Amino acid sequence: MTLYEKLRYEKIDYVMLNTSGASRYEMLAEEAVELAHVAQKIARYLRGEQPVSLDMTPGKLRENLIEEYADVSLAFDAITGADSKVKAEVFEVNDQKLKRWYNRLKEREGNAEKID
């Protein structure tokens, strides 16, 4: 384990010891909503519908998306303790969902090529 990882786990443990489980779940919910709002704003920007504020550039929107995703990730870590087993489970689920998404797109275009 690197020094960075050790310090990160110590900080996550501190957060977990000094906040309630309910408050960490509330934080996750709030951050997820903020991430959803940024995604909606980007979609409006990309379609050119319902103008966004003039200071919103592609770079600023990307920055906002990354920040909100990081907030969601941090809130998730504060719930799970940044456990490496949980991260491995998340990666496995993510991989399965990507395969399913890929296969559905291939099916839609009539391509029989699928991945397992």
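The numbers here are math on the coordinates, done by the rules we state, and not lab data. From a predicted model like this one, the values you see are computed outputs, not experimental measurements. With ideal geometry, Cβ positions are generated from the backbone for all residues, glycine too; neighbour counts draw on all protein chains shown.
Remarks
- Residue order for Lys87, Lys6, Lys41, fewest other beta carbons within 10 angstrom first, comes to Lys6, Lys87, Lys41.
- Simple Cβ-charge dipole of the chain, Lys/Arg +1 and Asp/Glu -1, about Cα centre, in debye nearest 20: 420 debye
- Legend: residue pairs Lys6/Lys99; Lys41/Lys85; Lys6/Lys87; Lys11/Lys85; Lys6/Lys41, Cα-Cα distance threshold 28 Å; pairs beyond threshold, Lys6/Lys99; Lys41/Lys85; Lys6/Lys41.
- Ranked list, fewest to most other Cβ atoms within 10 Å of each Cβ, for Asp116, Asp95, Asp13, Asp71: Asp116, Asp95, Asp13, Asp71
- Charge sum, other residues only, whose C-beta stays under 12 Å from Glu30's C-beta, Lys/Arg counted +1 and Asp/Glu -1: -4
- Ranking of Leu46, Leu28 by count of other Cβ atoms within 10 Å, fewest first: Leu46, Leu28
- Using θ = phi - 60° in the Karplus curve 6.51 cos²θ - 1.76 cosθ + 1.60, the 3J(HN,Hα) couplings for the stretch 41-50 round to 5, 5, 4, 4, 4, 5, 7, x, 9, 6 Hz; x is entered for Gly and Pro.
- At q = 0.15, 0.16, 0.19, 0.30 Å⁻¹, base-10 log of I(q)/I(0) for the stretch 40-94 (Debye sum, equal scatterers on each alpha carbon): -0.60, -0.64, -0.73, -1.14
- Mean projection area, nm², convex hull over Cα of the chain: 10.8 nm²
- Annotation: lysines with alpha-carbon distance below 27 angstrom to Lys106 (same-chain offsets under eight excluded): Lys97, Lys114.
- Summed residue charge, Cβ within 12 Å of Asn64's Cβ, Lys/Arg positive, Asp/Glu negative: -3
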